[in-house]
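The values are calculated or read from the model by the stated rules, or taken from the named source; none is laboratory data. These figures come from a predicted structure and were not determined experimentally. Because the Cβ atoms are built from the backbone with ideal geometry, glycine has one as well, and the counts that use them run over all protein chains shown.
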Amino acid sequence: MAATWSDSRILSFIEMYRSHPVLWDIRLNEHKDKTKRRAALMELAEHFGVTKEEVERKIKNLLSHYSRELKKVELGMACPEFRYRSKWFCFASMQFLNDRHKPGNGQADPGPRFQGPDFQVGIRGTA
């Protein structure tokens, strides 16, 4: 049976996911190591009392939702009459993912690049 995911539990999950850049930062050399990614997934699963498969499903769903919201925001930046501001409660918490595809030096990003809940995302990679 699937676990119940309250808003606060989801936000806690996102913070713990963020603390494991091996799962989301493709610039890291460790991201290619399946053993390290599996260990991080298992740590999340144990912490939240769910299976590794449920953690993977939750990550996939959150990433999909975030991607859809980000596209709407980006469209609003390109088309001023369609100014979109995400109301999704996880949007600000997931903005650490914005730079994960930029070339890096194999080190994790030190922290968010936005300032508070009024932050408006620009075209991907700009803030």
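Among the residues of region 15-28, those identified as within 12 Å of residue 90 (Cβ to Cβ) and either touching a strand residue (DSSP E or B) at 6+ places or on another chain (Cβ under 6 Å) or buried (at least 19 other Cβ atoms within 10 Å of the Cβ) (or both) are 17, 18. Condition (residue is charged (D, E, K, R), over 23 Å from residue 99 (Cβ atoms) and surrounded by 12 or more Cβ atoms within 10 Å (Cβ to Cβ)) applied to region 57-73: is it met by at least one residue? For region 57-73, residues charged (D, E, K, R), over 23 Å from residue 99 (Cβ atoms) and surrounded by 12 or more Cβ atoms within 10 Å (Cβ to Cβ): present. Any residue at all in region 38-53 that's closer than 22 Å to residue 91 by Cα and over 15 Å from the mean Cα position of the chain (by Cα)? Yes, that holds for at least one residue. Once region 1-27 is narrowed to residues that are over 11 Å from the mean Cα position of the chain (by Cα) and among the β-branched types (Val, Ile, Thr), the residue that is nearest to residue 87 (Cα to Cα) is 10. Scanning region 86-102 for residues that are farther than 13 Å from residue 63 by Cα, in contact (Cβ under 8 Å) with a residue 24 or more places away in the chain and in contact with a Lys or Arg (Cβ under 9 Å, 6 or more places away or on another chain) yields a count of 3. Taken as a whole, the structure leaves residue 4 outside the set of residues that are surrounded by fewer than 15 Cβ atoms within 10 Å (Cβ to Cβ) and in a helix (DSSP H, G or I). Each residue in region 15-63 was checked for being touching a residue at least 24 places away in the same chain (Cβ under 8 Å) and in a loop (DSSP other than H, G, I, E, B), and 7 of them qualify.
Here's the yes/no breakdown for (1) of a type outside the set (S, T, N, Q); (2) at pLDDT 80 or above:
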site: 42; (1), (2): yes, yes
site: 47; (1), (2): yes, yes
site: 62; (1), (2): yes, yes
site: 79; (1), (2): yes, no
site: 98; (1), (2): no, yes
site: 117; (1), (2): yes, no
